[in-house]
Amino acid sequence: MTTLKNLKNALIAHQELFANLDSLLLQIIELSEELKACLNRGGKILFMGNGGSAADSQHIAAEIVGRFKKERKGLPAIALTTDTSILTAIGNDYGYDSIFSRQIQALCRPEDVVIGITTSGNSKNVIAAIEEANRIGAVTVGLTGGSGGKLKELCKFNLIMPSSETARIQEAHIFVGHSLCELIEAD
């Protein structure tokens with residue numbers, strides 16, 4: 001019975017979080033407009049994160065490059081979490097905190113949007129990359145939870161999930177990612 005109770009508690013926490021996402025809907029729409037403007041000006045969308053947020057980065061980038069719901073041409077998006085040779089070379093030569101910022105130096109342009117996904121908002125390698133993207137002049141986005149951490153001070157757009165529980169934040173991040181994909185395809 002403990003397992004059933006734990007699952008019910010998790011479901012309740014999930015439902016409560018999603019009920020509170022109303023406060024982010026206008027921000028999601030505003031960000032989707034920025035992403036469409038980025039794509040229209042010839043830019044690309046760069047994603048990054050660690051662990052589950054790395055998987056989320058890959059998932060959302062794949063939806064943008066491939067398709068979400070509607071047949072359309074491929075759109076430029078890159079997850080900076082996928083090339084093991086780049087990640088291990090940079091990690092070995094410069095340190096783990098530089099695995100994303102070095103890629104931003106190489107790949108990011110002012111017309112791009114850079115999205116850092118971190119449940120705490122305090123991942124050092126994501127912060128370093130967002131700082132680098134700001135130096136380049138790209139639009140920066142923090143997709144976080146809790147208080148938003150250090151990242152909320154650095155990004156033009158901050159979507160902070162109203163939870164401090166990692167699993168619930170990640171569930172909300174996927175909702176936001178899918179919502180952005182749907183809005184990008186709406187035109």
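The values are calculated or read from the model by the stated rules, or taken from the named source; none is laboratory data. Everything quoted here is computed from the prediction, not taken from an experiment. Don't worry about glycine lacking a Cβ; one is built from the backbone with ideal geometry, like all the others, and counts go over all protein chains shown. These area figures cover heavy atoms from the full protein model, side chains too; ligands, DNA and RNA do not enter into them. Shrake-Rupley method; radii C 1.70, N 1.55, O 1.52, S 1.80 Å.
With the simple model of a label 7 Å out from the Cα in the direction of the Cβ, Thr2 to Arg135 spans 5.1 nm.
If r is the Cβ-Cβ distance from Gln15 to Asn122 and R0 is 30 Å, what FRET efficiency results, to the nearest 0.05? In this case the efficiency is close to 0.65. Restricting attention to region 43-185, lysine pairs at least eight places apart or on different chains and with alpha-carbon atoms under 20 angstrom apart total 7. Size descriptor for region 47-187, Kirkwood hydrodynamic radius: 15.0 Å (Cα pairs only, one decimal). Rolling a 1.4 Å probe across the protein heavy atoms gives region 61-112 an accessible surface of 58 Å² per residue.
Applying the criteria of a DSSP loop state and at most 16 other Cβ atoms within 10 Å to the trypsin sites (Lys or Arg not before Pro) of region 121-187 yields Lys156. Each residue of region 163-180 was assigned a 3J(HN,Hα) from its phi angle through the Karplus curve 6.51 cos²θ - 1.76 cosθ + 1.60 (θ = phi - 60°); the sequence is 7, 10, 9, 3, 4, 5, 4, 5, 4, 5, 4, 5, 4, 4, x, 5, 4, 4 Hz, with glycine and proline shown as x. With a 1.4 Å probe and all protein chains left in place, how much of the accessible area of region 1-131 comes from carbon and sulfur atoms, in whole percent? The value for region 1-131 is 55 percent carbon and sulfur by accessible area. Where only DSSP H runs of four or more residues are counted, the chain gives -17000 deg cm²/dmol as its mean residue ellipticity at 222 nm, each run worth -39500 (n - 2.57).
What separates the Cα centres of region 114-156 and region 1-41 is a distance of 18 Å.
Full extension of the segment from Asn92 to His59, taken as 0.36 nm per residue of separation minus the current Cα-Cα distance, would add 9.3 nm. Each residue, Leu26 and Thr84, gets one label point 7 Å from its Cα in the Cβ direction; the gap between the two is 4.6 nm.
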